[in-house]
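One structure is given below, encoded as structure tokens.
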Amino acid sequence: MTASSAPSDMRFAVLGTGHWARTVHATAIAAHPTAELAGIWGRDAEKAAAIGAEFDVPGTDDLAALLDRVDAVAVAVPPDVQVPLAEQAAAAGRHLLLEKPIGLTTADADRVVTAVRSAGVASVVFFTFRFQAATTTWLSQAARTRLAGGAASWLSALAGSPFDSAWRREHGALWDIGPHALSLLVPALGPVVSVQAGAGAGDTVHLVLQHATPGVASTVTLSHSVAPLATGIEFSVHGDAGRLVLLPDTESAVESLSAAVDQLTAAAVTGGEHPCDVGFGREVVVVLETAVRALASGCREPVPAR
């Protein structure tokens, strides 16, 4: 199936059996007015079957068989697991709603981009806040002024939360919530050309991003290891029109996923590119990998050209 031949009412398989797959991806698609939840895939067949039963759809560990029955997949698994699943789904002609980051290395991100573009399927990466009306308004306001810089701060306490998973503990806040910060700062301020980085307590990281426009820079602080009373999220940009602050909605993930389904369907039907497609997902991974190098070197590291 190619993008131009996609149906307006797409049948989705959810790939994943974790908290986010069940409470956001499957829940949103099952309730969507035009999409259809057609099945659940998981590496553990029993877990897949249990979640499938919850939504009255088949649950299986046979991905090839499930792909035969759907038009698109919504993937909610760790990034390194997502890469081969995305490749297999794209090769089968299925449109992709992916989680961020799309990989943990530029090489893996390139694999996903190549698979999507070779197959001619549509792709959307679920940067949650980009599918909220408040963010659209904030970016529109930012686009109407000359900006000098911005800041992002996301402090969380991962321990004991439903998101306290092995991959997040291994790779930290940089790779888990860093993509969200970049998904807002890059469209507002432009591509990142260099990164400086410093480590704080736990997995806390502090970044200084130089953007392509001379004199435009932003700062990012990320942590999954602060005290519970210190948690909070804020994004801002500043320029000639003052300071524009975005306090993103963290309680409407289901509604955001539903909007992402609408936008993937539109991209599939029209064959158009989405601003949060795998190409942008790759750009985010490249910046994060540059930040890893900057943490190791203690120096400003250039972001490799495409």
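For the range 206-239 and the range 31-109, compute the distance between their C-alpha centroids and round to whole Å.
Cα centres, the range 206-239 to the range 31-109: 32 Å.
Just from its helices, what would the mean residue ellipticity at 222 nm be for the chain, if runs of 4 or more DSSP H residues each count -39500 (n - 2.57) and the sum is divided by every residue, rounded to the nearest 500 deg cm²/dmol?
The per-residue figure over the chain is -12000 deg cm²/dmol.
So what are the three principal axis dimensions of the range 70-154 from its Cα atoms, in whole Å, longest to shortest?
Over the range 70-154, Cα extents along the principal axes are 43, 26, 21 Å.
Work out how much length ALA143 to ALA266 would gain on full extension: take 0.36 nm times their residue separation and subtract the Cα-Cα distance, in nm to one decimal.
Contour length minus Cα-Cα distance gives 41.9 nm.
Once P(r) over Cα pairs in 20 Å bins from 0, in percent is worked out from the coordinates, which option in (i) 35, 54, 11, 0; (ii) 34, 58, 8; (iii) 29, 56, 14, 0 does it equal?
Evaluating P(r) over Cα pairs in 20 Å bins from 0, in percent on these atoms matches (ii).
Ignoring any ligand, DNA or RNA, what whole percent of the accessible area of the chain comes from carbon and sulfur when the probe is 1.4 angstrom? Each step should come with its number before you reach the end.
Details: 6760 of 12540 Å².
Within the chain, the accessible surface is 54 percent carbon and sulfur.
Which whole-number value in Å² is the accessible area per residue of the chain, probe 1.4 Å?
Numbers: 12540 Å² over 306 residues.
For the chain, the per-residue accessible area is 41 Å².
The values are calculated or read from the model by the stated rules, or taken from the named source; none is laboratory data. Just so you know, these numbers come straight off a predicted model, no measurement behind them. Only protein heavy atoms, including side chains, enter the accessible area calculation; ligands, DNA and RNA are left aside. Shrake-Rupley method; radii C 1.70, N 1.55, O 1.52, S 1.80 Å.
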